[in-house]
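Notes to accompany the following structure.
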Amino acid sequence: MNVDQPGPVRGKRDPNRRFIDVHCSVHGGPRGFTNLVVTKRDGLIEMDPHVTGQCVIIFDEKAAAELLDTIGEWLG
């Protein structure tokens, strides 16, 4: 989290942040054990596996749209 941005308000859901239960093939554990945080910030989409901030994947609008199209195609 950026120190210039306010933290979350307790008991209120941030509309620009989601936690998705996923599986990590590197660290193992049961399916749904790993948290993936997806955040919309300043027109970018950030994906933070493990909620550590050590490896954040950042999508601009074009890349996010391409990912959405690809997942939609795969899931039918």
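The values are calculated or read from the model by the stated rules, or taken from the named source; none is laboratory data. Small disclaimer: the values here were computed from a predicted structure and weren't measured. Note that we place each Cβ from the backbone using ideal geometry, even for glycine, and neighbour counts take in every protein chain shown.
Observations
- Selection count where residues are within 15 Å of Ala64 (Cα to Cα) and free of Cβ contacts under 8 Å to residues at least 12 places away in the same chain, scope the stretch 12-53: 1
- Note on the stretch 29-76: among residues that are among the acidic types (Asp, Glu) and loosely packed, with under 15 Cβ neighbours inside 10 Å, the one that is farthest from Asp14 (Cα to Cα) is Glu73.
- Per-region count, the stretch 26-57, residues over 9 Å from the mean Cα position of the chain (by Cα), of a type in the set (A, V, I, L, M) and not in a loop (DSSP other than H, G, I, E, B): 1
- Only one of the numbered conditions (1) modelled with pLDDT of 95 or more; (2) among the hydrophobic types (A, V, I, L, M, F, W, C); (3) over 18 Å from Asn16 (Cα atoms) is not met by Ala65, and that is (3).
- Only residues that are aliphatic (A, V, I, L, M) and touching a Lys or Arg at 6+ places or on another chain (Cβ under 8 Å) were counted in the stretch 23-68, giving 2.
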